[in-house]
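To start, the structure itself, in structure tokens.
The values are calculated or read from the model by the stated rules, or taken from the named source; none is laboratory data. The structure displayed is predicted, hence computed values, not measured ones. Cβ coordinates were reconstructed from backbone atoms using ideal geometry, including for glycine residues, and neighbour counts include every protein chain displayed.
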Amino acid sequence: MTGATRRLPWLGLAILVGAVLLIPPLFLARYGLYIMSMWAVMTIAAIGLNLTLGYAGQVSLAQGAFVGIGAYCAGILTTSFGWNGIATIPVAIVLCFAIGWLLGYPALRVQHHYLAFVTLAFSTLAFLVFRNEEWLTKGIYGIENIHRPTVFGMRTAKPLPFYFFCLGTLATMSAMAWWVVRSPWGRAFVALRENPVRALSLGVDVRRYTLVAFAIGSAFGGVSGVLYALLVQFVEPPAFGLALSLNILMMVIVGGSGTFFGPYLGTMIAVLLPEWLRLTTRLGQLVPEDSTWHARVVHWLDLPNQYYLILYSIFVIVLIAYSPKGILGFVEAKIADRRTRQASTLRVAAAPTLLGEDRP
Amino acid sequence: MTRVLEVANLSKHFWGITAVDDVSFHVDAGEILGIIGPNGSGKSTLFNCILGQLAPSRGEVRLDGRMVTGRSPAELNRLGVSRTFQLLQVFPELSVRENLILAAQEHRGGMIERLFGPRDAGLGDTAAEMIAFFKLDHLAREKAGGLSYGQQKLVDAAMAFMAGPRLVLLDEPAGGVNLTMLADLQDRLRAMNRERGATFVVIEHNMDFVMSLCSRIVVLAEGKVLAQGTPESIRRDPAVIDAYLGH
């Protein structure tokens, strides 16, 4: 197979994905566009966590907090100071980069589940600030009336233009993530994840790369937060609790931690699946309440409303049990497997000549 | 002859146990020095003290005449000392080529240049050449984790030479490697030494391997230097035969 023919299926896939992202939204109603925008917004946060966790191997349960910081940045600056929503993005990036850098320091001392606890504590801390510092965040009342910005002369108040704004931002952030991952930094991140002691002995400044990994991942969270605030047009503390951090972690792991496109897929599943599975709610409601005992049990457990969560949970359990590296990790392993088998077939076929060259 | 490494009166204590006891030796440019000794004689601890993995309790380490005692492993590495570990340490998820590039990429430029510079950090050619030298061409794009143990050992050794080091410390390069692969490894290390003037120190249990590869040998026993000299003189040294070679 030549390089060109090998790339053909990927090119086809790229065109298909592009078409799905660009064409159906033109015909979708408000709610459909909201869901697709939410996918783009959450994907940015998941890409960030994937850099920190998937590539550099630093466990973080604080990505939701950075989304919150970004969202409050946008909320406060647009409502109290009349900023354009776009202008808040650089502020959120700088702020989250700095705070993420500081959060990296504990990671220099503790790893794995201990680090998870440290970041969990930070997540709680951020939540308390959002809720209690009323002078800044308006506390439990939240910040309302966040206006969507005008981007390059295009007003994004309507769902469709705003969706394209989200998609454009996602594309920009994806390009940045791609650049980082393919640069020598990406290689150093993987080294950090796989074997920090060995990395150190190869001159890799483990300390600085750890901090940078946290900072970059957090900055992505901040950008996601700004878009979140502009999409929902309302920010309140509970949206950025631990549940969000866990959700983003789930997106990364389900899609394939440490694979570039994992977060896109994982977020799609986390955002869209509940919407599709909501259909099962209607199935549940079809059972008349006074009929059989099992209908009563179903009703008593409120199963109709929980169906999609149950199915989603079972899916996640089965997936992680069979493929800890997520969906794309599974696919990648299969591809690598096939390639290795092809290569060894070729090698066996070429073996006599090789031996002839090596040992005349 | 230039002294690349000079270790003077190095000691390391762990809570009253003396793992390395007043050890002094030197390594000249272009030589292969072997360090042998029974299990627990302090060989790896000595390595770790030289390489900054552990802080020595007493003594000095000089690299090209410059004091480097207590420098961090990353700093020492950038000053030109590279190493392999006793247990195999390649990065399994990176390809062979990526492993080699990683082994040298931090030696040039700053962080920012590395982010915005070329993807191979300008090391693509060096890596390709090193891969060819260690006869790993057909494996260059495979993930290192998928290689056989012996092949990974070759990659591990190749990584140590990537940055053009002044000195390479190999901790049991022959451990667990099958005989055919061992011959390859020995052949490549010797070629590295003869053709490129690489200087290295080898810790090894495999006597044949050490005796045939090294130009000079230091014998450790209970943390002390028991003897040093050419392989021939070591083979005949009564103290060494008593303590170690024995039967």
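Restricting attention to segment B:88-103 and to residues that are touching an Asp or Glu at 6+ places or on another chain (Cβ under 9 Å), more than 7 Å from chain A (Cβ to nearest Cβ) and within 24 Å of B:I203 (Cα to Cα), the residue that is surrounded by the fewest Cβ atoms within 10 Å (Cβ to Cβ) turns out to be B:L88. Among the residues examined, B:D184 qualifies as surrounded by fewer than 20 Cβ atoms within 10 Å (Cβ to Cβ), under 18 Å from B:F161 (Cα atoms) and modelled with pLDDT under 90.
Checked against the criterion of being within 30 Å of B:G117 (Cα to Cα), in contact with a helix residue (DSSP H, G or I) (Cβ under 8 Å, 6 or more places away or on another chain) and without any contact (Cβ under 8 Å) to a residue 60 or more places away in the chain, the candidates A:V129, A:V204 yield just one match: A:V204. A:P90 meets all of the listed conditions (1) part of a helix (DSSP H, G or I); (2) in contact (Cβ under 8 Å) with a residue 60 or more places away in the chain; (3) farther than 17 Å from A:P237 by Cβ; (4) out of contact with any strand residue (DSSP E or B) (no Cβ under 8 Å at 6 or more places or on another chain) but one, namely (2).
Would you mind finding the one in A:A87, A:A40 that is surrounded by fewer than 24 Cβ atoms within 10 Å (Cβ to Cβ) and closer than 21 Å to A:G168 by Cα?
Details: A:A40 fails: surrounded by fewer than 24 Cβ atoms within 10 Å (Cβ to Cβ).
Among A:A87, A:A40, only A:A87 is surrounded by fewer than 24 Cβ atoms within 10 Å (Cβ to Cβ) and closer than 21 Å to A:G168 by Cα.
Scanning segment B:85-118 for residues that are at pLDDT 90 or above and of a type in the set (K, R) gives B:R97, B:R114.
Pairs meeting the criteria (first residue in segment B:58-82 and within 14 Å of chain A (Cβ to nearest Cβ) and in contact (Cβ under 8 Å) with a residue 12 or more places away in the chain, second residue surrounded by fewer than 17 Cβ atoms within 10 Å (Cβ to Cβ) and assigned to a loop (DSSP other than H, G, I, E, B), beta carbons under 7 Å, at least 6 apart or on different chains) are lacking.
Report yes if B:A140 is closer than 29 Å to B:F47 by Cα and in contact (Cβ under 8 Å) with a residue 24 or more places away in the chain, otherwise no. Walk me through it before giving the result.
Details: closer than 29 Å to B:F47 by Cα: no; in contact (Cβ under 8 Å) with a residue 24 or more places away in the chain: yes.
Judged against the criteria, B:A140 is not a match.
Among B:A157, B:A183, which is closer than 21 Å to B:E31 by Cα and either away from chain A (no Cβ under 12 Å) or assigned to a loop (DSSP other than H, G, I, E, B) (or both)?
On inspection, the qualifying residue turns out to be B:A157.
Considering only residues in segment B:123-154 that are part of a helix (DSSP H, G or I), of a type in the set (A, V, I, L, M) and surrounded by fewer than 19 Cβ atoms within 10 Å (Cβ to Cβ), the one that is nearest to the other protein chains (Cβ to nearest Cβ) turns out to be B:A132. Just one of (1) modelled with pLDDT under 90; (2) facing chain A (nearest Cβ under 9 Å) fails for B:N39. It is (2).
Is at least one residue of segment A:206-224 of a type in the set (D, E, K, R), within 29 Å of A:A14 (Cα to Cα) and either within 12 Å of chain B (Cβ to nearest Cβ) or part of a helix (DSSP H, G or I) (or both)?
Residues of segment A:206-224 that are of a type in the set (D, E, K, R), as a first pass: A:207-208.
If we keep only those that are within 29 Å of A:A14 (Cα to Cα) as well, we get none.
Among the residues of segment A:206-224, not one is of a type in the set (D, E, K, R), within 29 Å of A:A14 (Cα to Cα) and either within 12 Å of chain B (Cβ to nearest Cβ) or part of a helix (DSSP H, G or I) (or both), which makes the answer no.
If the condition is being surrounded by fewer than 14 Cβ atoms within 10 Å (Cβ to Cβ), more than 10 Å from chain B (Cβ to nearest Cβ) and either under 30 Å from B:I101 (Cα atoms) or touching a strand residue (DSSP E or B) at 6+ places or on another chain (Cβ under 6 Å) (or both), then segment A:149-198 contributes A:A171, A:T172, A:A175, A:W178. When A:M251 is tested against (1) away from every other protein chain (no Cβ under 14 Å); (2) surrounded by fewer than 22 Cβ atoms within 10 Å (Cβ to Cβ), just one condition goes unmet, and that condition is (2). Can you name the residue in segment B:43-69 that is more than 18 Å from the chain's Cα centre (by Cα) and surrounded by fewer than 22 Cβ atoms within 10 Å (Cβ to Cβ) and, of all such residues, is nearest to B:E172 (Cα to Cα)? It comes out as B:A55.
Residue check: B:G40 meets all listed conditions (1) farther than 22 Å from B:G223 by Cα; (2) surrounded by fewer than 17 Cβ atoms within 10 Å (Cβ to Cβ) but one, namely (1). Based on what the data block shows, is A:I35 under 17 Å from A:P263 (Cα atoms) and out of contact with any Cys (no Cβ under 7 Å at 6 or more places or on another chain)? Against the criterion (under 17 Å from A:P263 (Cα atoms) and out of contact with any Cys (no Cβ under 7 Å at 6 or more places or on another chain)), A:I35 qualifies.
Among the numbered conditions (1) within 26 Å of A:T156 (Cβ to Cβ); (2) modelled with pLDDT of 95 or more; (3) surrounded by fewer than 22 Cβ atoms within 10 Å (Cβ to Cβ), the only one that A:G68 does not meet is (3).
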